[in-house]
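**Student:** The structure follows.
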Amino acid sequence: MSSTPHDPFYSSPFGPFYRRHTPYMVQPEYRIYEMNKRLQSRTEDSDNLWWDAFATEFFEDDATLTLSFCLEDGPKRYTIGRTLIPRYFSTVFEGGVTDLYYILKHSKESYHNSSITVDCDQCAMVTQHGKPMFTKVCTEGRLILEFTFDDLMRIKTWHFTIRQYRELVPRSILAMHAQDPQVLDQLSKNITRMGLTNFTLNYLRLCVILEPMQELMSRHKTYNLSPRDCLKTCLFQKWQRMVAPPAEPTRQPTTKRRKRKNSTSSTSNSSAGNTTNSAGSKKKAPAASLSLSSQGLGAIPNCSLNPGRDGDLCHSTAVTPSGQFKEKH
């Protein structure tokens, strides 16, 4: 049996370079596709463990989910943490939804050092409702996702801003109840508010209370304290953080460098060098005063640590008309 290109042991006659390229890293949009497939595999028997596993697969441990929309009483914004995300997705199906998936169109990706940001201005959240009646709801808005730039590529921040929504009813159902005005009146009413069911909206309102209590519940679960003791401990630690002064940045001590002295090869060279250095230093001092004397200064004070004849620390150097220097004490 001859080998074919579909055979895993097939060797190309064109050499090793005529092969399929190695796959690149998974694209962020493909992660949304995988999340849609996981939501479709949900069953009626899916419990809290299934939803926790779902959130662990697609969301980071410190992930946040934010929903922004406008209701009749004004704009709303809800942000929930990682521990409340599994329950959020489960409430969508508890409100009569049988199918949920997201569609991203013309999304823009930006890569950073440790994260990937996906900005989709044309995102649609599609939900299929089986009760109270068969309806398809398309919720449109802007979805901004931040993924971690690693092998897992899980979601770190989820922000969905809802702009509009549409509820679609099949024509077959309208034709079936064309002669029943009560059913038609019921079909004309919306079953969602901005594409969200009442179960989901009530849960988001409850999260406003539950989110600040996450620290209390975590402390109660870890230390097995009573609710009152947990509240006292959390308030005391928060008070300590408010009262404690900010820590000052530590300053590194400055190290002083010592100047190295030139070592001489022999004692004779050192003595000769000292005499030349002393002579050179005497010549350098008048040179400095010469530049000043040319500007009209006849005498320049020259202070030294060695006292003069009268015990003074300062003496002056005068310039004679012949250009020679004469010290005056």
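The values are calculated or read from the model by the stated rules, or taken from the named source; none is laboratory data. None of these values were measured; they are calculated from a predicted model. Backbone-built Cβ (ideal geometry, glycine too); neighbour counts: all protein chains shown. Surface areas here come from the heavy atoms of the whole protein model, side chains and all, with no ligands, DNA or RNA. Shrake-Rupley method; radii C 1.70, N 1.55, O 1.52, S 1.80 Å.
**Student:** Please count how many residues of the range 127-149 are among the hydrophobic types (A, V, I, L, M, F, W, C) and open to solvent by less than 10 Å² (accessible area, probe 1.4 Å).
**Tutor:** 4
**Student:** Restricting to the range 206-243, give me the number of residues that are loosely packed, with under 12 Cβ neighbours inside 10 Å and either within 30 Å of Val137 (Cα to Cα) or touching a strand residue (DSSP E or B) at 6+ places or on another chain (Cβ under 8 Å) (or both).
**Tutor:** The total comes to 2.
**Student:** Contact list please: Cβ distance under 8 Å, first residue in the range 16-44 and farther than 18 Å from Glu60 by Cβ and open to solvent by 100 Å² or more (accessible area, probe 1.4 Å), second residue at pLDDT 85 or above and charged (D, E, K, R), pairs at least six apart or on different chains.
**Tutor:** From residues that are farther than 18 Å from Glu60 by Cβ and open to solvent by 100 Å² or more (accessible area, probe 1.4 Å), the pairs are Gln40/Asp99.
**Student:** Tally time: how many residues in the range 79-106 are over 14 Å from Tyr203 (Cβ atoms), within 26 Å of the chain's Cα centre (by Cα) and open to solvent by less than 30 Å² (accessible area, probe 1.4 Å)?
**Tutor:** Residues meeting the conditions: 1.
**Student:** If Leu152 passes every condition in (1) of a type in the set (A, V, I, L, M); (2) under 20 Å from the mean Cα position of the chain (by Cα); (3) buried (at least 17 other Cβ atoms within 10 Å of the Cβ) but one, which one does it miss?
**Tutor:** The one condition Leu152 does not meet is (3).
**Student:** May I pose another question? Looking at the range 137-196, which of its residues are among the hydrophobic types (A, V, I, L, M, F, W, C), more than 18 Å from Thr79 (Cβ to Cβ) and touching a helix residue (DSSP H, G or I) at 6+ places or on another chain (Cβ under 8 Å)?
**Tutor:** Hits for the range 137-196 are Phe147, Met153, Val169, Ile173, Leu174, Ala178, Leu184, Leu187.
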